[in-house]
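Right, one structure below, let's go through it.
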Amino acid sequence: MTQAAIDCDIHPGVPEIKALLPYMTAFWQDSFVHRGIDGFDMMSYPPNAPITCRPDWREQGRRPGASLDALRTQALDAFGIGTAICNPLTGGQVAVSESMGAAICAAVNDWIREHWLDKEPRLRASIVVPAQAPLLAAEEIARCAPDRRFVQILMPVACEMMLGRSYYWPIYEAAVRHDLPIGLHAGSMYRYAPTSTGWPSHALHDYVAQSQTFEDQLLSLISNGVFNKFPTLRVVLIESGVTWLPGFLWRAIKTWRGVRAEVPWVSRSPAEIVRDNVRLTVQPFDAPADATVVERIVNQIDDDRMLLFASDYPHWQFGEDETPLPPGLSDALMQRIRVDNPLATYPRLQETV
Ligand code: ZN
């Protein structure tokens, strides 16, 4: 019998602030209501954009991903998923106020615990943290980590600074202490444009440009020595696409060989570091549905530990007649991607909770 898959990226629809108020202190409840921002909708994907929800998964009058019953039938049962990791894409990280961001993130963590984890044993979740305040983020990790159903720390890939800077190291220290990977998901705190030459005009450009941000942040983590300081830290790139990786590795290795005197703490090839410490989810698999092309890309990545199964439910990354995995993968590699690699990446998934 085929072993149930582990889905490393699903998105329960995060409600507006009003629904999160019960999970906040009296101060924040008053503050959101008195400022008139308790109706703030934190959905990061435009609700009606096609990519936000596969058409056959849309429910009239409900936000994409809002229904647990729909998640059960449309994703868990439909794709043979035994465990799925909820990644709430929350506006808490967009708040400029550190304390407001921390209050929203904490409320989302408590909300997901009560409304999703307590109701469906197949679900696990990421801890959303206020990346605008690394010390507060570390406190939130310490608060949530005792609940072993939290299996990862989630941040948008585009933060206020390059992620290799020591400013963020309290988050990595907490991640290592609690044996939780850092998940970087496509998305932004909207402090800077996603391109190096300014703001794009359309969601099309913004979304395509995300893979460049993933490359930048990955190289920042490597060149600032994060993986030397925290050798056991695992970073999962979520919804980053995967086809940029071979070209990125080639350029990173080639240039590192030429200028490594500048970064003596990068004592191993960037490719070696990436293969040991970095993982990628497979949706969107940004290549044609052609088995030969897929095989070539997998061969270029040259490490069968790196890819993790993900449906990205309810986002529309593949059609009704397609599966979340691309064609052309061997049975052995499918087993790694669907089960073995997620279990190795997220040690808490090996536990019965
Ligand atoms: Zn996603």
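The values are calculated or read from the model by the stated rules, or taken from the named source; none is laboratory data. The structure presented is a predicted model; accordingly, all values stated were derived computationally and were not measured. In this analysis, Cβ positions are derived from the backbone assuming ideal geometry, glycine residues included, and neighbour counts consider all displayed protein chains. The accessibility values were calculated without ligands, DNA or RNA, using every heavy atom of the protein model including side chains. Shrake-Rupley method; radii C 1.70, N 1.55, O 1.52, S 1.80 Å.
What to note about this one:
- Taking max minus min of the alpha-carbon positions on each principal axis, segment 214-353 gives extents of 51, 40, 27 Å, largest first.
- Carbon + sulfur, % of accessible area of segment 5-350 - ligands and nucleic acids excluded, 1.4 Å: 54 percent
- Spatial separation of Cα centroids for segment 185-240 and segment 270-324, in angstrom: 17 Å
- Think of it as helices only: each DSSP H run of n ≥ 4 in the chain is worth -39500 (n - 2.57), and spread over all residues that comes to -10000 deg cm²/dmol at 222 nm.
- Residues with amide H under 5 Å from that of residue 81, placed H, sequence gap 5 or more: 5
- Phi-based couplings in Hz for segment 114-129 (Karplus 6.51, -1.76, 1.60; Gly and Pro marked x): 6, 8, 10, 5, 5, 9, 9, x, 7, 9, 10, 8, 8, 7, 7, 10
- Percent breakdown of C-alpha pair distances by 5 Å bin, ordered from the shortest bin, for segment 261-337: 3, 13, 23, 22, 15, 10, 6, 5, 3, 1, 0
- Interchain or long-range residues, amide H under 5 Å from residue 313's placed H: 11
- Each eigenvalue of the Cα gyration tensor of segment 48-169, multiplied by 5 and square-rooted, gives one semi-axis; in descending order these are 28, 17, 13 Å.
- Calculated P(r) tail over 29 Å for the chain, as whole % of Cα pairs: 37 percent
- Once backbone amide H atoms are built at 1.01 Å from N, residue 54 has 316 as its partners under 5 Å, excluding neighbours fewer than 5 places away on the same chain.
- Rule-of-thumb Rg ratio for segment 17-77 [Cα; 2.2 N^0.38 Å; N residues]: 1.43
- Probing with 1.4 Å while keeping every protein chain in the model, the per residue accessible area of segment 272-347 equals 42 Å².
- FRET efficiency, 1/(1 + (r/R0)^6) with R0 35 Å, evaluated for residue 228 and residue 69 via beta carbons: 0.15
- From phi via Karplus (6.51, -1.76, 1.60), per-residue ³J(HN,Hα) for segment 64-69 in Hz, x at Gly/Pro: x, x, 7, 9, 5, 4
- If R0 equals 25 Å, the separation of the Cβ atoms of residue 40 and residue 191 corresponds to a calculated FRET efficiency of about 0.85.
- Length gained when the stretch residue 350-residue 323 is fully extended (0.36 nm per residue, less Cα-Cα span): 7.2 nm
- Highest-MSF residue in the chain out of 131, 84, 66 [GNM, Cα springs under 10 Å]: 66
- Taking every alpha-carbon pair under 8 Å whose residues sit at least 6 apart, the chain reaches a relative contact order of 19 percent.
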